[in-house]
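First up is the structure itself, then whatever we jot down about it.
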Amino acid sequence: MAQKSGNQINLQTITPPLTLRSRSSSSFLFLIFTATAIGWSCSKSESPPSHAASSYASNGAALPAFTEITTEAGLNDFKYVNGAFGKVWFPEQMGAGCGFIDYDNDGWLDILLVGGGALAPNTITEPPALWLYRNNGDATFSIKTKEARLDGLHAYGTGITVADYDNDGDDDFFFTTLHENMLFRNDGGVFTEVAQKAGVIAKPIRWSSSANFFDADKDGWLDLYVCNYADWSPERDIPCYVEGGLKEYCPPGMYVGVPNYFYHNNGNGTFTEMTEEVGFANAPGKSLGVAELDFNNDGWSDLVISNDGERTLLYENNRNGTSTEKGTIAGIAYSEFGEARAGMGIDAGVTDTTGRVSVFIGNFSAEMIGVYRYNPTGWFTDRAAVSKIGRPSLPVLTFGLFLLDMDFDTDLDLFVANGHVYPIRVKFMDGITYEQPPQLFLSNNDGTFDEVSQNIGGVFTQPMVARGAIYGDVDRDGDPDILLTENSGSAHLWRNDFKNPNFLRVCLEGRESNRDGVGTRIIAIVDGQRMERRIRTGSSYLSSSEKTATFGLGQATQVDSLLVYWPGARVDRFAAIEANQEIRLVEGVGTFVTRNLTSRVVP
Ligand SMILES: [Ca+2]
Ligand SMILES: [Ca+2]
Ligand SMILES: [Ca+2]
Ligand SMILES: [Ca+2]
């Protein structure tokens, strides 16, 4: 467990000198300051520059290191219950998601887990639909489901998406299920379920998976996109069998997909379902993942949607909140063989020096992870093979998936959580296992990646039936930690023990923009190298990561320029920000506060 020098949030304002100039409708704040990191409590001697003996590439960078701390963190009681009772029903293999949420607003990330549910008729005792673990301020957790009024729910849950949809400064969340979805409004650390009142009960009700909050029309209020999966009910369950007559889950191709929903946030606590009006109705369904991106860099949020056995969808924002689906003409809809693959977890980000966004999609075993990079001719290039991600991803079935700079060398790397869906049929599949270890692909910043899981060992050799995968700095030492969930299994919390990070963490508070700053593009320039991050919800699979941007800085000790492109017209600019601190920027204020971090523990 991380030692800490203080578990309260110490906010200390740095007010650098500033010059202000305005250009048309935009305000540009250009700030020069040389403030040292007031409030940074980590002794720098604990993380000396080093060139570790183990290296994965020619730059001699050290490998990431993680330690599983599930037991010491107090998360051992949790187990996801998929409700299986011998019928082998389709929904059992899907779950479930997880989320980092600071529900009590104390600056420490708490954990929300989907507990599962009952499928058997007339079940007397249902498993908890949600588990809420409060961070005690030291990366140990106490169960607070009941205190936060998240107990006693009747739901067969799938996913969690966390955002401050009502812009009142606290984390709310949307909970997807097999039946009616739920919206939980945070009222001072206790939750009220408001889906009906807020207008986000689906008509008709559909089996939902991932969801994301994003501001489609840039009115400062987060809209909601909900992925729906397939038309299933106990009455319509299709039996499938393997050799020997044992019942097994059917391929999703046996079921008909149901399309997704879009809800426009009215800014008064209610939403209006506008799927068709906004252009999201033309979808085949079977959606499992959604990522927000701005692939054409026009400042408007686009969406990319992964679908299970159906084409990938790319919604280009028409710069008015409506969208046009362009997946097929943009070249991202199908594999290089023209096939729709089993799209699950998804993420998007700039992972190399081209500055152009790449999209990564988890697929089935014997299918490569989808890797597509946008190019200036207006379409995406399939780079699964050339990126070196394709081949190592063939034996695994990938659900949770996210981009994060895991080795702090400035470029976004790819983490994938794996686990199969056929407990019986895998025995007849050459080289495929039901439980599979996660994988890490380190970016070489040139469009290629090195798969380093075996080099790292430890937690990366642990086979699991993984589903959800998220990152968030639970011990507040500046490096994002990882949380994974398993189908019919435990949650796994991995503490990040990377030995030599220089970093800058940036969290946002929107004023004209939505409070979370979702849809903000942040550019950091270090030694002439440009890094890009976006503040988003969604991505991965059924799950919700922290909304703080982490920039790995390599050996650099400062960020030379930081440019914050808010979803509105505003751009805030800062210069010479010292490394190894977490800063909080309020839109248009032009200063930032530094949040105290804890001392890092390097085993
Ligand atoms: Ca908290
Ligand atoms: Ca709120
Ligand atoms: Ca990296
Ligand atoms: Ca950490």
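Values in this text are rule-based calculations from the coordinates and carry no lab data. Everything quoted here is computed from the prediction, not taken from an experiment. Neighbour counts run over all protein chains shown; Cβ positions are idealised from the backbone, glycine included.
Put a dot 7 Å past the Cα of residue 67, heading toward its Cβ, do the same for residue 281, and the two dots end up 5.6 nm apart.
If only the Cβ of Lys and Arg carry +1 and only the Cβ of Asp and Glu carry -1, the dipole of the chain around its Cα centre is close to 360 debye.
The share of C-alpha pairs in segment 224-375 whose separation exceeds 24 Å stands at 38 percent.
So, in Å, what gap is there between the alpha-carbon centers of segment 238-291 and segment 137-168? Taking the Cα centre of each part, segment 238-291 and segment 137-168 sit 24 Å apart. The distance linking segment 62-78 with segment 304-381 is 32 Å (Cα centroid to Cα centroid, whole angstrom).
Provide, for q = 0.15 Å⁻¹, the log10 of I(q)/I(0) from a solvent-free Debye sum over equal Cα point scatterers in segment 383-445. Once normalised to I(0) and log-transformed, intensities are -0.52. Look at the alpha carbon pairs under 8 Å that are at least 6 residues apart: their mean separation over the length of the chain gives a relative contact order of 18 percent. Calculate log10 I(q)/I(0) of segment 405-534 for q = 0.13 Å⁻¹, where I(q) comes from the Debye formula with a single equal point scatterer on each Cα and nothing for solvent. Each listed q maps to, in turn, -0.69.
Relative contact order for segment 273-320: what is it in percent, counting Cα pairs under 8 Å that are at least 6 residues apart?
Relative contact order, segment 273-320: 30 percent.
For segment 177-224, a crude dipole built from +1 on the beta carbon of Lys and Arg and -1 on the beta carbon of Asp and Glu, taken about the Cα centre, is about 180 debye to the nearest 20.
The Cα-based radius of gyration and maximum Cα-Cα distance (Dmax) for segment 413-489 are 14.3, 45 Å. Dividing the Cα radius of gyration of segment 521-576 by 2.2 N^0.38 Å, with N the residue count, gives 1.27.
For residue 391 and residue 196 in the same chain, what is the full-extension length gain: residue separation times 0.36 nm, less their Cα-Cα distance, in nm?
65.6 nm
For the pair residue 120 and residue 561, what calculated FRET efficiency results from E = 1/(1 + (r/R0)^6), where r is the Cβ-Cβ distance and R0 = 45 Å, to the nearest 0.05? Computed FRET efficiency for residue 561 and residue 120 comes out at 0.15. Our estimate of slack between residue 151 and residue 335, defined as 0.36 nm per intervening residue step minus the Cα-Cα distance, is 61.9 nm. All distinct Cα pairs of segment 157-258 go into the 1/r average, and the inverse of that average, the Kirkwood radius, is 15.6 Å. For segment 199-280, with the dipole built from +1 on Lys and Arg beta-carbon atoms and -1 on Asp and Glu ones, taken about the Cα centre, which of 278, 250, 261 lies farthest toward the positive end? Farthest towards the positive pole: 250. Between residue 530 and residue 298, the modelled labels are 2.0 nm apart [label points 7 Å from Cα along Cα→Cβ]. Placing +1 on the Cβ of each Lys and Arg and -1 on the Cβ of each Asp and Glu in segment 424-506, which of 447, 483, 501 has its Cα farthest towards the positive end of the resulting dipole? Sorting the options by dipole projection puts first 483.
Segment 452-526 gives an Rg/Rh value of 1.06, both radii derived from C-alpha positions and Rh following Kirkwood. Quick one: go through segment 515-529 and flag any residue whose amide nitrogen is under 19 Å from the point 7 Å out along the Cα-to-Cβ line of residue 576. Answer for this model: 524-529.
Scaled to the globular estimate 2.2 N^0.38 Å, the Cα spread of segment 354-412, given as radius of gyration, is 1.18.
Computed over the chain, the percent of Cα pairs more than 38 Å apart is 24.
Here the spin labels are modelled as points 7 Å beyond Cα on the Cα-Cβ line, and at residue 366 and residue 142 they lie 5.2 nm apart.
Annotation: segment 246-314 has a Kirkwood hydrodynamic radius of 14.1 angstrom, from the mean reciprocal C-alpha pair distance. Other residues within the sphere of radius under 12 Å centred on the Cβ of residue 401, judged by their own Cβ, net out at -1 (K and R +1, D and E -1). Extension gain for residue 455-residue 87 works out to 128.4 nm (0.36 nm per residue, less the C-alpha to C-alpha distance). Legend: ranking of residues 254, 94, 406, 274 from fewest to most surrounding C-beta atoms inside 10 Å; resulting order 254, 274, 94, 406. FRET efficiency for the residue 435 to residue 328 pair, using the beta carbon distance and R₀ = 45 Å, is estimated at 0.80. Go through 80, 123, 377 and say which Cα lies farthest out towards the positive end of the charge dipole of the chain; charges sit on Cβ, +1 for Lys and Arg, -1 for Asp and Glu. The listed residue farthest towards the positive side: 377.
Estimated from the Cβ-Cβ distance and a Förster radius of 56 angstrom, the FRET efficiency linking residue 509 and residue 242 is about 0.55. With the biggest extent put first, the Cα atoms of segment 319-391 measure 40, 28, 21 Å across the principal axes. Give the relative contact order (percent, whole number) for segment 160-303; include only Cα pairs under 8 Å separated by 6+ residues. Answer for segment 160-303 is 20 percent.
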